[in-house]
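Engineer: Can you keep this structure in mind? I'll have questions shortly.
Just so it is clear, none of the values below were taken in a lab; they were calculated from the coordinates. What you are looking at is a predicted structure, and each value in this text was computed from that prediction instead of being measured. Every residue, glycine as well, gets a Cβ built from its backbone with ideal geometry; the counts of neighbours run over all protein chains shown.
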Amino acid sequence: MLKYDIVIIGGGPAGLAAAIEAKKNGIDSILVIERDRELGGILQQCIHNGFGLHIFKEELTGPEYAEKFIEELENIGIEYKLDTMVLDVTDDKIVNAINTKDGVLTIKSKAVIFAMGCRERTRGAINIAGSRPSGVYNAGMAQRLINMEGVMVGKKVMILGSGDIGLIMARRLTLEGAEVIGVLSRDNFAAGLMRNVVQCLEDYNIPLMLRQTISKINGKDRVESVVVVNLDENKKPISGSETVYECDTLLLSVGLIPENELSRNAGIKIDRATKGPIVNESMETNVNGIFACGNVVHVHDLVDYVTEESRRAGKSAAGFVKGELNNNESFIETKPSKGINYIVPHKIRVENLEKSLELFMRVRGVYKNSKLVVKLNDKIIKELKKRHMTPSEMEKIVINKSLLSEQKDAVLTVEVVKEA
Amino acid sequence: MYDVTIIGAGIIGTFIARELARYTLRIALLEKDNDVANGTTKANSAIIHAGYDAKSGTLKAKFNALGNPMFDKVCEELDVPFKRIGSLVLAFSEDQMETLGELYEQGRQNKIPDLRILNRDEVKAIEPNISEYVVGALHAPTAGIVGPWELAMALAENAVDNNVDLMLNNEVIKIEKQEDSYVIFTNEQQIKTKYVINCAGVYADNLHNMVAKPSFEIIPRRGQYFVLDKSEGNITNSILFQCPTKLGKGVLVLPTVHENILIGPDAEDIENKENTETTEERLCYVMEASRKTLSNVPFNSVITSFAGLRAKPSTEDFIIEESNQSKGFINVAGIESPGLSAAPAIAEYVVNMLRDMDGSFKLNEEFNPIRRKMTVFMALNEEEKKEIIKKDPRYGRVICRCENITEGEIVDSINRNAGARTFDGVKRRVRPGMGRCQGGFCGPRVMEILARELGEDIVDIVKDSKKSYIATGLTKNNV
């Protein structure tokens, strides 16, 4: 049996940042396990720029952003295994994995960090009726085929879902010579970042088709057309509003789901809203010594935030191994209140905070001229004015430790309040 | 010249092909599609019925009762997943309990073993998640579930192992009767054959009408289904039927052999024999109807939905006979439910009929009923896992993350007789893409492996039919 102090599952942005930070905090025995043929995760297929504005103050492509971390990881000598699949992690932190070289690997670790990322929702999950021809792709799969395999996926394309990958693929397909008919959003706003709407759709005259969805896919062998229907205010289809669009390809960008099969098997509790582990201020799950960070916890808009969160997880895991992480039973619980969909982290052990607490959250709808109100045991401790909030942009609130330090077993809530 | 030509490589055609291979005959198995098991066989409820449901005295009743006990052996020989998990017909009122009594009586006449009528508490003890509306059930412990397309693919492989000629993408255009033989014209070739066995599913009437005056009609009856994620696999361990009423048979909830949950079907007679589209209204109906069976059906765990066509005969019963207008042309038509359950018995019956008719069949001493086992990597113990990776490192590379399917398994599925040629062909044989990501991650890798093993360009790999191209060319950088 192999032994390590920290095993990190996933070599994407989350796993890389966590590994480097753990090493910087004094842990030498670290192993990163990556299932793909190279480190970097999904960043490797994101060849567009826009990464790193917060962390590096410059605009990088996905592979460039990944390369900065991969280089550092190699330079400081962190071990990793590629093309290696973790089959199982037990709650006493035994990791079972396989690859072609080592065969079956059994690894005992003092701490484990889950950084498996997320996967895309599929056609099946959103129940689009019609036939099942070729030419229906998840946007991320199409991105991999185009950017990594050099294979083009269609000539005339409709995109369902206005998440960031959908927007970016609209531009990518256009640059590759395909005609993109439009990008459909069920809401009256785009699900992706505003800057992507501008740079990927508006700059290329690709229509953003709001309050519309696809009711049917036609085509025996390959997609021949899709039926688009308008939605009313309650997002119900308006009958008679159907329009048929001829196309050979349909891309789906209808949401991302944290990949938590390993977490569930390890006995980790999952938040229904984020679909990721319930974590504390140190990014530790309910299983002692198992940490989680990045899109496996909640889906982020920006990789920069993934990096920040994962550094915290790496540092905390190092603290755990060194016996420095305070494992006090009492904590503050965070609870999303009016207008808030979720808050990460879920539990806060104040002793483990350095100077401040970072809360990440998403709102439920579009709010204009409102404020985020943070209450501790019903007492307002912070207010933040917001001119514009949408579910597609993650909100971050920093709270000074001193505002929390006197409190134990308390409840912290965040709500949206409209300004008069 | 072929002795026997079977038209249609679905569950019936493949069963008959493998059964005929026990004799020293030249056998052709023609299929219009790009893979075997591509029609009704790939889209049905996957149930081996106990046999109480068909009216006593019909061929359906006879062959279902004979077929059910044959599955253990054939699935063992061919290494196909089969589980005898039992079925419950749920009654939701005292009136329906009477209907269950009638079904029980019919089952007794059909000689179905071990049937029992259970009260609510007894049902609840077997399936704790049943809804509050259930008042009792008919329990049939001999009912089972099977992988239907996996069975047909295994039968085709074993038939080809035993020298049957499988010809895919051969659609029959016309059949000419000659004195003691037939000439079959396909889109690809002409085949001379002594006997023709018509196993053409929803097209069996069209085939029959090529050599005889119309005497029956096959009506495609569409049924739609949901598949739920494996994480919900334990919501029922039995096949849950609803008691049939004047309004219809109700919908089923059952586990599959791969521990997903299958919910459906509805029933709708349609015109177009190719129309396997799903529709919003019908899927909604299936969803609503299933809520009667279980108190909580987790529809947020749906991973896909699909529709299949039953080959409903205008005669109401299976048609298994030599055409009286055309000697040597044998119809095996209208094999709707319980056709899958009846298939092994039908095959045995048809082959015996042909043997007696011909009188000169000789047993093939070299016939091997055993198909080489499929390795399911995740089902191996640790020692076996170590050993197989040592022998073939490709078993150490996981391609499908949802179900942990290795490159070794995928390569094996391609390099067998009647092996996978398409993306869906790999998916149906070894399941990458069947899981919750539906091929989102493993898709490009599977295409790459297919291209490498088949010696084709990745751009030429198709999803299913020959025209179902995936790539439209290369990117600008890659040209």
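Engineer: Could you pull out the GluC sites (Glu not before Pro) across the range B:139-217 that fall in loop regions by DSSP (anything but H, G, I, E, B) with no more than 11 other Cβ atoms inside 10 Å? Present the calculation step by step, with values, prior to reporting the outcome.
Structural biologist: Working: sites: B:GLU150, B:GLU157, B:GLU171, B:GLU176, B:GLU179, B:GLU188, B:GLU217; in loops: B:GLU171, B:GLU179, B:GLU188, B:GLU217.
When the GluC sites (Glu not before Pro) of the range B:139-217 are filtered for loop state and at most 11 Cβ neighbours within 10 Å, B:GLU179 remain.
Engineer: Explain nothing, just the number: relative contact order of chain B, from Cα pairs under 8 Å at least 6 residues apart, as a whole percent. Spell out each step's value before the answer.
Structural biologist: Details: 1050 pairs, mean separation 93.1, N = 479.
Computed value for chain B: 19 percent relative contact order.
Engineer: What list do you get for A:MET283, B:MET353 if you sort them by fewest beta carbons within 10 Å? Write down the numbers at each step before the final one.
Structural biologist: Details: A:MET283 27, B:MET353 14.
Ascending number of Cβ neighbours within 10 Å: B:MET353, A:MET283.
Engineer: What is the dipole size for chain A, taken about its Cα centre, with +1 at each Lys and Arg Cβ and -1 at each Asp and Glu Cβ, in debye to the nearest 20? Don't jump to the answer; show the numbers that get you there.
Structural biologist: Values: 56 positive and 57 negative charges, 239 e Å.
Dipole size: approximately 1140 debye.
Engineer: What value, in deg cm²/dmol to 500, does the helix sum -39500 (n - 2.57) over DSSP H runs of n ≥ 4 give at 222 nm once divided by the residues of chain B? Walk me through the intermediate numbers first.
Structural biologist: On the way: 13 runs with 138 residues, N = 479.
Rounded to the nearest 500, it is -8500 deg cm²/dmol.
Engineer: Give the Cα extents of chain B along the principal axes, in whole Å, largest first.
Structural biologist: Cα extents, longest axis first: 61, 61, 44 Å.
Engineer: A further question follows. Quick one: of the DSSP bridges fully inside the protein assembly as shown, what percent are antiparallel, nearest 5?
Structural biologist: Working: 112 of 171 bridges.
For the protein assembly as shown, the DSSP antiparallel bridge percentage is about 65.
Engineer: Just to confirm the filter: which trypsin sites (Lys or Arg not before Pro) across the range B:352-405 are DSSP coil and have at most 11 other Cβ within 10 angstrom of their Cβ?
Structural biologist: On the way: sites: B:ARG355, B:LYS362, B:ARG371, B:ARG372, B:LYS373, B:LYS385, B:LYS386, B:LYS390, B:LYS391, B:ARG394, B:ARG397, B:ARG401; in loops: B:LYS362, B:ARG371, B:ARG372, B:LYS373, B:ARG397, B:ARG401.
Those that pass, being in a loop and sparsely packed, are B:LYS362, B:LYS373.
Engineer: Distance in nm between label sites at A:LYS379 and B:LYS111, each 7 Å beyond Cα in the beta-carbon direction?
Structural biologist: Here the modelled spin labels are 8.4 nm apart.
Engineer: Farthest toward the dipole's positive end in chain A, which of A:THR274, A:LEU252, A:GLY135, given Cβ charges of +1 (Lys, Arg) and -1 (Asp, Glu) about the Cα centre?
Structural biologist: Positive-most Cα among the choices belongs to A:THR274.
Engineer: At a temperature of 25 °C and a viscosity of 0.890 mPa s, determine how fast the protein assembly as shown diffuses translationally according to Stokes-Einstein, using the Kirkwood radius over alpha-carbon pairs as Rh; express D in µm²/s, rounded to the nearest whole number.
Structural biologist: Values: Rh = 29.7 Å.
The estimated diffusion coefficient comes to 82 µm²/s.
Engineer: Pairs A:LYS236/B:LYS312; B:LYS213/B:LYS312; B:LYS62/B:LYS249; B:LYS60/B:LYS463; B:LYS62/B:LYS362; A:LYS235/B:LYS476: which exceed 30 Å Cα-Cα?
Structural biologist: Details: A:LYS236/B:LYS312 36 Å; B:LYS213/B:LYS312 19 Å; B:LYS62/B:LYS249 21 Å; B:LYS60/B:LYS463 35 Å; B:LYS62/B:LYS362 28 Å; A:LYS235/B:LYS476 39 Å.
From the list (A:LYS236/B:LYS312; B:LYS213/B:LYS312; B:LYS62/B:LYS249; B:LYS60/B:LYS463; B:LYS62/B:LYS362; A:LYS235/B:LYS476), the Cα-Cα distance tops 30 Å for A:LYS236/B:LYS312; B:LYS60/B:LYS463; A:LYS235/B:LYS476.
Engineer: Here's another thing I want to ask about it. How large is the helix-only mean residue ellipticity at 222 nm for chain A, computed as the sum of -39500 (n - 2.57) over DSSP H runs with n ≥ 4, divided by its residue count, in deg cm²/dmol to the nearest 500?
Structural biologist: My calculation for chain A gives -5500 deg cm²/dmol from helical runs alone.
Engineer: Using Cβ-Cβ distances only, list the Cys residues of chain B with no partner cysteine under 4.7 Å, sorted by number.
Structural biologist: B:CYS75, B:CYS199, B:CYS243, B:CYS284, B:CYS402, B:CYS437
Engineer: Let's see if you can work this out: charge +1 on each Lys and Arg Cβ, -1 on each Asp and Glu Cβ, no other charges. What is the dipole magnitude of the protein assembly as shown about its Cα centre, in debye to the nearest 20? If you can, show how the numbers build up before the last one.
Structural biologist: Numbers: 114 positive and 126 negative charges, 280 e Å.
With only Lys, Arg, Asp and Glu charged at Cβ, the dipole is about 1340 debye.
Engineer: Could you pull out the pairs from A:LYS68/A:LYS396; A:LYS93/B:LYS390; A:LYS23/A:LYS315; A:LYS386/A:LYS418; B:LYS55/B:LYS111 whose alpha carbons sit more than 19 Å apart here?
Structural biologist: On the way: A:LYS68/A:LYS396 25 Å; A:LYS93/B:LYS390 26 Å; A:LYS23/A:LYS315 8 Å; A:LYS386/A:LYS418 10 Å; B:LYS55/B:LYS111 12 Å.
Violating the 19 Å Cα-Cα cut-off are A:LYS68/A:LYS396; A:LYS93/B:LYS390.
Engineer: Listing B:LEU155, B:LEU118, B:LEU207 from the residue with the fewest other Cβ atoms within 10 Å to the one with the most, what is the order? List each step's numbers first, then the result.
Structural biologist: On the way: B:LEU155 33, B:LEU118 19, B:LEU207 23.
Taking fewest neighbouring Cβ atoms as first place, the list is B:LEU118, B:LEU207, B:LEU155.
Engineer: How large is ³J(HN,Hα) for each residue in the range B:41-58, as worked out from phi by the Karplus curve 6.51 cos²θ - 1.76 cosθ + 1.60 (θ = phi - 60°), to whole Hz, x for Gly and Pro?
Structural biologist: 4, 8, 9, 8, 7, 6, 9, 9, 5, 5, x, 7, 7, 7, 4, 4, x, 7
Engineer: Still on this structure, I have one more. Past the 17 angstrom mark, what percentage of all C-alpha to C-alpha distances in the range B:77-138 do you count?
Structural biologist: Values: 863 of 1891 pairs.
Value for the range B:77-138: 46 percent of Cα pairs lie more than 17 Å apart.
Engineer: Could you tell me the relative contact order of the range B:377-478? Use alpha-carbon pairs under 8 Å, at least six residues apart, and round to a whole percent.
Structural biologist: Working: 132 pairs, mean separation 19.8, N = 102.
About 19 percent, as a whole number.
Engineer: Over chain A, what is the percentage of antiparallel beta bridges among all DSSP beta bridges, to the nearest 5? Kindly include the intermediate steps, with their values, before the conclusion.
Structural biologist: Details: 56 of 96 bridges.
Roughly 60 percent of the DSSP beta bridges within chain A come out antiparallel.
Engineer: Taking the alpha-carbon set of the range A:122-254, what are its Rg and Dmax in Å?
Structural biologist: When restricted to Cα atoms, the range A:122-254 yields Rg and Dmax of 13.7, 42 Å.
Engineer: Then there is this: For the range A:2-96, which chymotrypsin sites (Phe, Trp or Tyr not before Pro) are both in a DSSP coil and crowded by at most 14 other Cβ atoms within 10 Å? Don't skip to the end; give the middle numbers.
Structural biologist: Values: sites: A:TYR4, A:PHE51, A:PHE56, A:TYR65, A:PHE69, A:TYR80; in loops: A:PHE56.
Listed in order of number, the matching sites are A:PHE56.
Engineer: Take the Cα gyration tensor of the range B:377-478, multiply each eigenvalue by 5, square-root it, and list the three semi-axes largest first, rounded to whole angstrom. Don't skip to the answer; put the middle values down first.
Structural biologist: Details: eigenvalues 127, 38, 35 Å².
Square roots of five times the eigenvalues give 25, 14, 13 Å.
Engineer: Oh, and also: Once you wrap a convex hull around the alpha carbon atoms of the range A:1-152, what is its projected area averaged over all directions, in nm²? Walk me through the numbers on the way to the answer.
Structural biologist: Details: hull surface 46.4 nm².
Taking the Cα atoms of the range A:1-152, their convex hull projects to 11.6 nm² on average.
Engineer: Using the crude model of +1 on Lys and Arg Cβ and -1 on Asp and Glu Cβ, and no other charge, please compute the dipole size for chain B relative to its Cα centre, in debye to 20. Mind dumping the intermediate values first?
Structural biologist: On the way: 58 positive and 69 negative charges, 123 e Å.
The dipole of chain B has a size of about 600 debye.
Engineer: Students often get this wrong, so check it: of B:LYS83/B:LYS292; A:LYS216/B:LYS466; A:LYS57/A:LYS155; A:LYS110/A:LYS338; A:LYS155/B:LYS32, which have C-alpha atoms separated by over 31 Å? Walk me through the numbers on the way to the answer.
Structural biologist: Working: B:LYS83/B:LYS292 25 Å; A:LYS216/B:LYS466 23 Å; A:LYS57/A:LYS155 37 Å; A:LYS110/A:LYS338 40 Å; A:LYS155/B:LYS32 29 Å.
Pairs exceeding 31 Å: A:LYS57/A:LYS155; A:LYS110/A:LYS338.
Engineer: At q = 0.12, 0.18, 0.20, 0.25 Å⁻¹, what log₁₀ I(q)/I(0) does a Debye calculation on the Cα points of the range A:329-420 give, no solvent, two decimals?
Structural biologist: Relative scattering, expressed as log10 I(q)/I(0), comes to -0.34, -0.74, -0.90, -1.32.
Engineer: Let me ask something else. When a footprinting reagent is the concern and you count Cβ atoms within 10 Å, what order do A:HIS346, B:HIS49, A:HIS54 take, fewest first? Don't jump to the answer; show the numbers that get you there.
Structural biologist: Details: A:HIS346 23, B:HIS49 27, A:HIS54 12.
The order, fewest Cβ neighbours first, is A:HIS54, A:HIS346, B:HIS49.
Engineer: Right, another one. Around B:ILE261, with a cut-off of 12 angstrom between Cβ atoms, what is the net charge of the other residues, counting Lys and Arg +1 and Asp and Glu -1? Present the calculation step by step, with values, prior to reporting the outcome.
Structural biologist: Details: positive: B:LYS230; negative: B:ASP229, B:GLU232, B:GLU259.
Around B:ILE261, the charge tally is -2.
Engineer: Quick one: work out the % antiparallel among DSSP beta bridges in the range A:153-288, nearest 5. Numbers along the way, then the final one.
Structural biologist: Values: 12 of 24 bridges.
Close to 50 percent.
Engineer: So, one more: In square nanometres and to one decimal, what's the mean projected area of the convex hull around the Cα atoms of chain A?
Structural biologist: Values: hull surface 86.1 nm².
Mean projected area of the Cα convex hull: 21.5 nm².
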